[in-house]
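These notes concern the structure reproduced below.
The values are calculated or read from the model by the stated rules, or taken from the named source; none is laboratory data. The model shown is predicted, which means the values in this text are computed figures rather than measured ones. Here the Cβ is made from the backbone with ideal geometry for all residues, glycine too, and neighbour counts use every protein chain on show.
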Amino acid sequence: MDIIEQYLSEIETAVQRLSRQDIRSVVAVLESVWERQATTYIIGNGGSAATASHMMNDLCKFTRIEGQKPFRAIALTDNVPLMTAVGNDISFDDIFIHPLENVLRPGDVLVAISGSGNSRNIIRACEYALENMATVIGFCGSPGGMLAKLANHRIIFPADRIGQQEDGHLILNHVVALALRERIQARNSHQALLQA
């Protein structure tokens, strides 16, 4: 078996092993935050930072249904000037906790994306969110690290390679956004029946 076949076969196996119940739990949390018009903040490093931006895009745009309120999501990874200022002047460990101190409110959600689950800046942000009555969702690699232990809700993508974990987190982003869109769309159908 060559590396291409091996890599793709491993991805297929990991997708089959994903916990569907964990995904449904995360969708339920995000539906609740949408209903309450609270805000979801998303963080990650490296490839996971790119996924955080992608997820913010999908939560804000793809779930937008005419006649329904929008989803409030912000990727903290997109504010490069603030991240680099905090990293340079204070500590790289604080690049996410610092902006959260400015904006996080009780009832908000923090989505933390990390293959290792042990990045110090991710863990510090999660600890801060939990201390301030926010819900933490972890998109983790295998085995999940500290993030999986800290998060109120977690989805572990069961692959060993970091690239496959990042692939898996993008798959999770898309399936979560699609399921959330369907739930929001169902509200329109329900409202139409009530008005008929």
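Regarding the stretch 147-160, can at least one residue be identified that is surrounded by fewer than 17 Cβ atoms within 10 Å (Cβ to Cβ) and at pLDDT below 95?
Checked against the condition, which is being surrounded by fewer than 17 Cβ atoms within 10 Å (Cβ to Cβ) and at pLDDT below 95, the stretch 147-160 yields at least one hit.
May I ask you to verify whether Ala73 is closer than 16 Å to Thr39 by Cα, in contact with a Gly (Cβ under 7 Å, 6 or more places away or on another chain) and aliphatic (A, V, I, L, M)?
Judged against the criteria, Ala73 is not a match.
Helices (runs of 4 or more DSSP H) wholly in the stretch 1-102 with at least 2 residues that are touching a helix residue (DSSP H, G or I) at 6+ places or on another chain (Cβ under 7 Å) and either under 20 Å from Ile162 (Cβ atoms) or among the acidic types (Asp, Glu) (or both) - which ones?
Here the list reads 3-17, 47-57.
Given the criteria in contact with a Ser or Thr (Cβ under 7 Å, 6 or more places away or on another chain) and not charged (D, E, K, R), does Ile90 qualify?
Judged against the criteria, Ile90 is not a match.
Name the residue, out of Arg105, Arg124, Arg72, Arg64, that is in contact with a Pro (Cβ under 6 Å, 6 or more places away or on another chain) and not aliphatic (A, V, I, L, M).
Of the residues listed, the single one that is in contact with a Pro (Cβ under 6 Å, 6 or more places away or on another chain) and not aliphatic (A, V, I, L, M) is Arg64.
Among (1) closer than 14 Å to Ala177 by Cβ; (2) under 13 Å from the mean Cα position of the chain (by Cα), which single condition is Ile65 missing?
Result: Ile65 passes all but (2).
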